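A.B. asks: I have a structure I would like to understand better, so I am pasting it below and will then ask my questions one at a time.
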C-alpha cells in the first residue's frame, strides 16, 4: 500500500479513561479480528493488565479501513501504557506516529496525566484529535469538558469528537477524523534512501529470540538483509519481518511508513534498546534518529526469598522477567539479616509492584522486599564522586562533603476545596510550590518540586484520600539537589541490622527511628534478658525501646521466713541475667522482618 494511504496514530489518556476499550471497538469496526477471536481488552494480553485495567506493555496493530471517500487506508495504531513510570516508552511510541487520539472521560474531565501527555504529543509535533469518551454515562458533563479543552489545553472545542467506546458511539467519526486530519508519513527529510527504522518496543520469544517492534522511517527491510544497531554498532541478519493484525503476520517487505516487527539473530533483549535506530549494513545512515536515551532505573529495592532454598528459583524468575523488560535490573547482594538476595532497579513504584506481583504469580515465589530507595550522588571530602542506591554503601559521615538527592516536578490536579490540604501535604514531604493555576470554577493545577524519596511510598495514597479520590498526579524527573541527609541504623542488642537501614532527611530521622523501634518492639519475641532496640545516626542514639526479659518466679517457694531469703534468690537471678546478656544473641525470626518491611 502506498505511503499516502498510511496513517500512524496512538491513543493517549489518563489511567481509566477508556483507552483499551476504544482500541477494541476500532478493531471490531475495521473487522481486523475474526469474530471467534474477539474478547474484551484484546490488546492487554497479561492477566495483571486485565485485572487492574492498566496497560503495561504497548501493543501495535495494523488495520485496513475502507473510508467514505471509497479508498482503503492502512491505519497503524500504537497502543501506549498510561502510567507515569512508562513515560519514556510512551514518548518513543509517539515518535513513531504522526497523530494521536487524546481521550478524555466525559465524567472526570481533564486530569494531570492528560496535561502531561499533551506536552509529550506537542514535543513530537503530532496532530492531536480530542475524543470525549463515555458520553453515555449519567454523570457525563460534555459542555464542561469542552470548556476545559479550550481553557487548559488550548484545543478548539469544535475539533472534539463525542463518543462512547463501550456503546460503540462515534467510532466511525473517529476513524474518518484519523484519515482526514492525521498526515501521511513523510520521507522528505531523509536525503538518500538509506534504511532508518526506529525501535519503539521489543519482546522475547523463547523459540525465535528478540522480536523488535519498529517504525520504518526510510528505506525497506527484506528477510536476509544485513542490519546494524546504531547505539551498539552490532550487526545482524533479518530472519523475518511482518506486521501486527494484532497477531504477528509475516510480510515479504516492510516499506517506509510501516509499523511492524523484525526478527534477527538477536539472542539477548539487552542488545535491543528502545529508541535505537536500525540501519542497513550496505549504505548505512550517517546519523541516528533523534530522541534516543538509555533507560535508567530510578527506584531500588532489595528482593529476598522467604526461604533460602528458593534463591536459584528466584534468580531464574528474575532472568526471565528481565528478558521481556529491559528496564528492570538486578544484581546479587547479601544481608546479614535476610541472607542472600538481589538488589533490583525499577522505573518507579508501579513498575516495582508489577515485577513483585509477576514473581509471585508466574514463578510462585514468596519474596520480602526492603524499603525502596533512590540513587544519591555523593561528593566525598577527597573530591571523589560516587553514586549510592543502598544505605549499606553510604560512606562515613566524616568522609562526605555533600549528598544530592533526585527531585521530581509533580503536577497535582485537585478540587478547590482541598487546596489547603494539598499544600500542607507538599510541605510535609519537603516539597516547594512553584506555580498554582486555576483551571475552571472547580479545580486547580499545582506544580511542585518534590524529593523523589518522599513520594515513593504513600504520597499517592494520601493524595487520593485527602481529595476523596478526585485528585490526580503526574510527575517528571527534574534535577539533583543537595540535601541534609543521614543514614539511620537500627541496632538490636548492640548489633546493627542492615535490612532496616535507610537514608533519611535529618529533620525526619528521629520520627522515623521512633516509629521503627516501636514496630520492632511489637514483632521481636521476648528473650531471657532485656533487649535494647536503638535507632542510631553516626554513633548517636536518637530513639530507644526495650523488650523486657522473660523471668521465672524464683521466690514462689518462699512462703514465710526472713526477707533476706527472697532477696538472695532475686540477686542470684539478677547475676544470671547479667551473665546471659553478655553472651546471649537475639535471634530475630524471619516473620518479624516480613511484618516490619511489609507494613513499612
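The values are calculated or read from the model by the stated rules, or taken from the named source; none is laboratory data. Quick caveat, the model's predicted, so the values are computed rather than measured. Every residue, glycine among them, receives a Cβ derived from its backbone with ideal geometry; neighbour counts consider all protein chains shown.
A.B. asks: Tally time: how many residues in the stretch 517-562 are surrounded by 18 or more Cβ atoms within 10 Å (Cβ to Cβ), out of contact with any helix residue (DSSP H, G or I) (no Cβ under 8 Å at 6 or more places or on another chain) and under 23 Å from residue 574 (Cβ atoms)?
C.D. replies: Number of matching residues: 2.
A.B. asks: Right, something else. Looking at (1) more than 24 Å from the chain's Cα centre (by Cα); (2) in contact (Cβ under 8 Å) with a residue 40 or more places away in the chain, which is the one condition that is false for residue 417?
C.D. replies: The failed condition is (2).
A.B. asks: Still on this model: Which of (1) closer than 16 Å to residue 226 by Cα; (2) buried (at least 22 other Cβ atoms within 10 Å of the Cβ) is the odd one out, the single condition residue 240 does not satisfy?
C.D. replies: (2)
A.B. asks: If you don't mind, another one. Failed condition for residue 159, given (1) in the same structural domain as residue 270 (by TED's automatic domain parsing); (2) in contact with a strand residue (DSSP E or B) (Cβ under 7 Å, 6 or more places away or on another chain), with all others met?
C.D. replies: Going through (1) in the same structural domain as residue 270 (by TED's automatic domain parsing); (2) in contact with a strand residue (DSSP E or B) (Cβ under 7 Å, 6 or more places away or on another chain) one by one, residue 159 breaks only (1).
A.B. asks: Ok, one more. Could you check, for the stretch 445-454, whether at least one of its residues is assigned to a loop (DSSP other than H, G, I, E, B) and touching a residue at least 24 places away in the same chain (Cβ under 8 Å)?
C.D. replies: No - not one qualifying residue is present in the stretch 445-454.
A.B. asks: Could you say which residue among 477, 505 is at pLDDT below 80, surrounded by fewer than 20 Cβ atoms within 10 Å (Cβ to Cβ) and closer than 30 Å to residue 402 by Cβ? Can you show your working first?
C.D. replies: On the way: 505 fails: at pLDDT below 80.
It is 477.
A.B. asks: Something else now. Which ones in the stretch 110-146 are within 18 Å of residue 474 (Cβ to Cβ), out of contact with any strand residue (DSSP E or B) (no Cβ under 7 Å at 6 or more places or on another chain) and without any contact (Cβ under 8 Å) to a residue 60 or more places away in the chain?
C.D. replies: 119, 122, 123, 124
A.B. asks: Here's a check for you: in the stretch 169-183, which residue that is part of a helix (DSSP H, G or I) and in contact with a strand residue (DSSP E or B) (Cβ under 7 Å, 6 or more places away or on another chain) is surrounded by the fewest Cβ atoms within 10 Å (Cβ to Cβ)?
C.D. replies: 173
A.B. asks: Please determine whether any residue of the stretch 425-439 is under 28 Å from residue 119 (Cβ atoms) and touching a residue at least 60 places away in the same chain (Cβ under 8 Å). If you could, list the steps in order and put the result at the bottom.
C.D. replies: Filtering the stretch 425-439 for residues under 28 Å from residue 119 (Cβ atoms) gives 425-439.
Now restrict to residues that are touching a residue at least 60 places away in the same chain (Cβ under 8 Å): 430, 439.
There is at least one residue in the stretch 425-439 that is under 28 Å from residue 119 (Cβ atoms) and touching a residue at least 60 places away in the same chain (Cβ under 8 Å).
A.B. asks: May I pose another question? Of 294, 312, which residue is surrounded by fewer than 13 Cβ atoms within 10 Å (Cβ to Cβ), at pLDDT below 75 and not assigned by TED's automatic domain parsing to the domain that holds residue 389?
C.D. replies: The match here is 294.
A.B. asks: Could you list, in sequence order, the residues of the stretch 345-369 that are part of a loop (DSSP other than H, G, I, E, B) and in contact (Cβ under 8 Å) with a residue 24 or more places away in the chain?
C.D. replies: Pass one, the stretch 345-369, residues part of a loop (DSSP other than H, G, I, E, B): 347-348, 363-366.
Across the stretch 345-369, the qualifying residues are 347, 348, 363, 365, 366.
A.B. asks: Filter the stretch 231-261 down to residues that are free of Cβ contacts under 8 Å to residues at least 60 places away in the same chain and assigned to a loop (DSSP other than H, G, I, E, B) and give me whichever is nearest to residue 213 (Cα to Cα).
C.D. replies: 247
A.B. asks: For the stretch 262-284, name all the residues that are in a loop (DSSP other than H, G, I, E, B) and under 29 Å from the mean Cα position of the chain (by Cα).
C.D. replies: 266, 267, 268, 272, 273, 274, 275, 276
A.B. asks: For the stretch 191-213, indicate whether the set of residues that are buried (at least 16 other Cβ atoms within 10 Å of the Cβ), part of a loop (DSSP other than H, G, I, E, B) and either touching a strand residue (DSSP E or B) at 6+ places or on another chain (Cβ under 6 Å) or modelled with pLDDT of 80 or more (or both) is non-empty.
C.D. replies: Yes, because at least one residue in the stretch 191-213 is buried (at least 16 other Cβ atoms within 10 Å of the Cβ), part of a loop (DSSP other than H, G, I, E, B) and either touching a strand residue (DSSP E or B) at 6+ places or on another chain (Cβ under 6 Å) or modelled with pLDDT of 80 or more (or both).
A.B. asks: Please find, among 512, 506, 468, the residue that is out of contact with any helix residue (DSSP H, G or I) (no Cβ under 6 Å at 6 or more places or on another chain), outside the structural domain of residue 90 (by TED's automatic domain parsing) and within 22 Å of residue 378 (Cα to Cα).
C.D. replies: From the options 512, 506, 468, the qualifying one is 506.
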